[in-house]
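First the structure, in the form of C-alpha cells, and then the observations on it.
FYI, it's all coordinate maths here, none of it is from the lab. The shown structure was predicted, so the numbers you read here are calculated from the model rather than taken from an experiment. When we count neighbours, we look across all protein chains shown, and the Cβ atoms used for this are built from the backbone with ideal geometry, even at glycine.
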Amino acid sequence: MAVQNEFVAYRLELLEPFGPVKAKAIFGGFGIYRHDLMFGLVARDTLYLKADDKSRADFEARGLASFTHRKRERFSMCYFEAPYEAIDDAGCLSKWAKKIMGSKCSSSNIMHSAMTILC
C-alpha cells in the first residue's frame, strides 16, 4: 500500500541512499522500517529516530526532544527528533540512519515490531 502522507513519502525519498525503507501506519503515525526493524517514527509531521544507550547522548547533546505520548499519563519513548540539518538532507539523514541501524543490529535488543517501541 502506498504511503498517503507527503511528509512521510519525502522522508522515504531522502532515505533512498541508505537502502530500501518503508513506512507502515501505526498508532496514528508511521513507523519507518528497514529489514523489518523500526528505526524511525513520524508523528504530527515530525520525524523521530530511535535512540539506544550509545546514541542517546548524541540526541541529548543537541537538545533534541524525545517523543512523548499521552494516553492516561504522559510517557517518553526512546525516539528523539531528527537533527534539524538531517530533515531535508539525504546524505545527513542517511548517516544518522546508518548509525542507528548499526547499533540496533549489533544490539541484543533488536525490535521486530511496533508493539515493542518502549524503552
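Tabulated values for the structure
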read-out	value
Residue order, fewest to most beta carbons within 10 Å, for His35, His69	His35, His69
Cβ-based exposure ranking for Arg34, Arg62, in which fewest neighbours within 10 Å come first	Arg62, Arg34
Residue-span extension gain [Glu13 to Asp88] - 0.36 nm each, minus C-alpha spacing	26.0 nm
